[in-house]
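So the structure is just underneath, and the comments pick up after that.
What follows draws every value from the coordinates through simple rules; no lab data is involved. Remember, predicted model here, so these are calculated numbers, not experimental data. As a convention, Cβ positions derive from the backbone with ideal geometry for all residues, glycine included, and neighbour counts pool all protein chains shown.
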Amino acid sequence: MVQIKQLFRYIRVFGYMFLNCLVREMQFKINFMIRLLAESLWLFLMVAYFLIIYKHVHDIDGWTKWDMILLLGTNHFINQIFEGIFFENCIKLTDNIRQGDLDFALTKPMNSQFLVSVRYTDFASIMNAVVGLIMVVVALHKMHYVPTWSQDVMYAILILNGILIYYTFMFSFSILTFWMGRANNLFDLYYQFSTFSRYPANIYKGALRFILWYLIPMLVVANCPVDVFKRTLSGVGMIYGFIVGFLFFIMSTFFWKKGLAHYRSASS
Amino acid sequence: MKKYWAILTTRTQEDMAYRANYFIGALFRFLPLVTSIVLWYAVFKSMGGTHPKIEGMSYQNLIAYTALVYISRGVSSMPGMTRDICNDIKDGNLNRYIVRPINYSGYQIVYRLAHKLVFWLIAAVTFPVIFFLLRHDFTHQIQPEEWVAFIIALIIGFWIGMLFSLTIGLLAFWFLEISTFLYVISTIEYFLSGNLIPLNLFGPKMFEIVGKLPFSYEAFWPVLILLGKVAQHQLVSILLWGIGWVFFFLIVINILWFLGIRRYSAVGG
């Protein structure tokens, strides 16, 4: 009972922070609308990129045009949800660590990792995630594919795993600031990583595939959920997908505790 | 001339102060090349046939293209230039330059040249490694006139990249908050210059248009010339068209500056 009460408390606090950000965002409505469009632009260009390639080829290693749109949409959805909830916080976290401004989170009667990870929400990204979802629905429709509800649930869980993988990477990069003093450059890696995850897993061969599957599991992020719909995901693959997201999350809490031991406050 | 030399040397030193940062960036930069190679390999394998080609480009051509595009982008891209100009205008920093005996556009050009110098000092180490690894994909024996045309096209690309950024930057005289607009413009510029995919793959009809735009000189044309995909009799007309764009932007910038400086409110003092 106590745990459930706790859970509701966290959800309520998240709700307040969420609303707080929404109010701030809505003070600049025009800017918000323009950003909304701008954020989708890169996705449209990626779609154009693949449409150009598919003008010359029927499928890429078994992936048809709509398979690819399905993957792009899924990857976009994962990226945007991650960016909307966590990315800005990860960047702010590096500044707060460096300047010793973490006290605001450490002194509150809540989990500090939770507070620093979800304080600010970027609504343009959250709204943009919808664009990715629309692409997924359109692609499934074009493929005349009607997923069962169990597939939907599996897809949703694996998407959550993908978000946790991104979260752990970026959060860990922020935490490196505890030791390095400055780790901003590592954030560029996020964009490089997401390049890997938006291509079909089977085009990667050999060592590269091993790295992207087990060490930097970018192929688990978007490929696993899509494979649920394509019916190409094996039982082992699915279990691995579940475990890896969960393991990564545990790792992030471990790093956070290790890092905090190196924290020097400057704000009290 | 001496004053511009002073700008060049101080700016170069400034950049070299952050050389670790530069090196990390220089290494990460090539990661997308890996995905491109992997993707094109899969595309060509799926096409079947003995020597499949897409719009006259073989697999080797496309890999070479993707690698060589790093050179033309390294010459023509002006990261942060429009943003700096906008901020100078918006915050009134332009005052500093107006009261000095130098030309603001001239200052910007020399400043960027310094950036390029540092970039190429580091690229002189990283690029040969990449090209050596991909040496089997450079199948074309480059002719002397192609070398000359390549160099000229690169210079055109540099000027178009520079002058286009300057043009967009000067729009800040009229519109104060344009950071999102800048993002949109630079993303479209990136795509239409052929950084992501060669412009001739867009299909003949689209290529007719995008191949004529100024952006095509920032990445596409220099590389295509080096791949030997431009017929000899076309070289001159393509280069002349590019030079035409350079003059077009020079005129536009002068008009924008002439009109803009009259609107400039010199905030801050």
Stretched out fully, how many nm does the piece from residue B:113 to residue B:213 gain, at 0.36 nm a residue minus the Cα gap?
-> 33.6 nm
Two-site label geometry, residue A:3 and residue B:102: point separation in nm, points 7 Å out along Cα→Cβ = 6.6 nm
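Summarise the partner chain shielding of B:48-61 as one whole number: the mean count of Cβ atoms from other chains within 10 Å of each residue's Cβ. Before the final figure, lay out each step's value.
Values: counts 2, 0, 0, 0, 2, 1, 5, 2, 0, 1, 0, 0, 0, 0.
Counting other chains' Cβ atoms within 10 Å and averaging over B:48-61 gives 1.
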Under 20 Å from the Cα of residue A:230, which aspartates and glutamates turn up, not counting those fewer than eight places away in the same chain?
-> A:59, A:61, A:67, A:152
Derived scalar couplings ³J(HN,Hα) [the range B:93-100; Karplus, 6.51 cos²θ - 1.76 cosθ + 1.60; whole Hz; x for Gly, Pro] | 5, 4, 3, 3, 7, 5, 7, 9
Looking at B:207, B:186, B:235, which one has the Cα that reaches farthest to the positive end of the dipole of the range B:143-252 (charges on Cβ: Lys, Arg +1; Asp, Glu -1)?
-> B:207
FRET efficiency for residue B:129 and residue A:32, using Cβ-Cβ distance with R0 set to 41 Å, rounded to 0.05 | 0.40
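Could you list, in their original order, any pairs among B:205/B:229; A:205/B:45; A:5/A:258; A:92/B:116; A:55/B:45 whose Cα atoms are separated by more than 20 Å? Kindly include the intermediate steps, with their values, before the conclusion.
Numbers: B:205/B:229 18 Å; A:205/B:45 13 Å; A:5/A:258 28 Å; A:92/B:116 31 Å; A:55/B:45 16 Å.
Pairs exceeding the cut-off: A:5/A:258; A:92/B:116.
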Cα pair count fraction exceeding 25 Å, expressed as % - the range A:2-260 | 48 percent
Once both labels are modelled 7 Å past Cα along the beta-carbon direction, what's the residue B:240-residue A:108 spacing in nm?
-> 6.8 nm
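Express in % the proportion of alpha carbon pairs of the range B:15-171 at distances exceeding 25 Å. Spell out each step's value before the answer.
Details: 5678 of 12246 pairs.
Roughly 46 percent, once rounded to a whole number.
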Approximate spin-label separation residue A:246-residue A:41, in nm, with each point projected 7 Å along Cα-to-Cβ | 4.2 nm
Determine the calculated [θ] at 222 nm for the protein assembly as shown from helices alone, applying -39500 (n - 2.57) to every DSSP H run no shorter than 4 residues and normalising by the residue count; nearest 500 deg cm²/dmol.
-> -24000 deg cm²/dmol
Sketch the reach of a paramagnetic label on residue A:13 as a point 7 Å from Cα along Cα-to-Cβ, and name the residues of the range A:83-120 whose backbone nitrogen lies under 16 Å away.
-> A:102-120
With r as the distance between the Cβ atoms of residue A:257 and residue B:50 and R0 = 60 Å, compute the FRET efficiency 1/(1 + (r/R0)^6) and round to 0.05.
-> 0.50
Please work out the Cα center distance from the range A:196-245 to the range B:166-239, rounded to the nearest Å.
-> 36 Å
Relative to the Cα centre, what is the charge dipole magnitude of chain A, using +1 at the beta carbon of each Lys and Arg, -1 at the beta carbon of each Asp and Glu, and rounding to the nearest 20 debye?
-> 380 debye
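For peptide B:36-43, what's the mean number of Cβ atoms from other chains within 10 Å of each residue's Cβ? Intermediate values should be presented prior to the final figure.
Details: counts 2, 0, 8, 9, 3, 4, 12, 8.
Rounded to a whole number, the mean comes out at 6.
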Which whole-number percentage describes the relative contact order of the range B:2-263, with Cα contacts under 8 Å and a sequence gap of 6 or more?
-> 28 percent
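Over 34 Å, how big is the tail of the calculated P(r) for the range B:2-263, in percent of all Cα pairs?
On the way: 7618 of 34191 pairs.
Percentage above 34 Å: 22.
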Residue list for the range B:146-163, given a label point 7 angstrom along the Cα-to-Cβ vector of residue B:248 and an amide N cut-off under 18 Å = B:153-163
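Please list the helices of chain A that count as membrane-span-like by this rule: a mean Kyte-Doolittle hydropathy of at least 1.0 together with Cα atoms stretching 20 Å or more along the helix axis, each helix being a complete DSSP H run. Kindly include the intermediate steps, with their values, before the conclusion.
Working: long enough: A:2-25 (35 Å, 0.48); A:29-54 (38 Å, 1.58); A:65-82 (26 Å, 0.52); A:123-142 (29 Å, 1.89); A:149-175 (38 Å, 1.23); A:235-260 (38 Å, 1.41).
Answer set is A:29-54, A:123-142, A:149-175, A:235-260.
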Note: the protein assembly as shown, point scatterers on Cα, Debye, no solvent; log10 I/I(0) at q = 0.11, 0.12 Å⁻¹ equals -1.17, -1.36
If the chain between residue B:5 and residue B:177 were fully extended at 0.36 nm per residue, the gain over the current Cα-Cα distance would be 58.6 nm
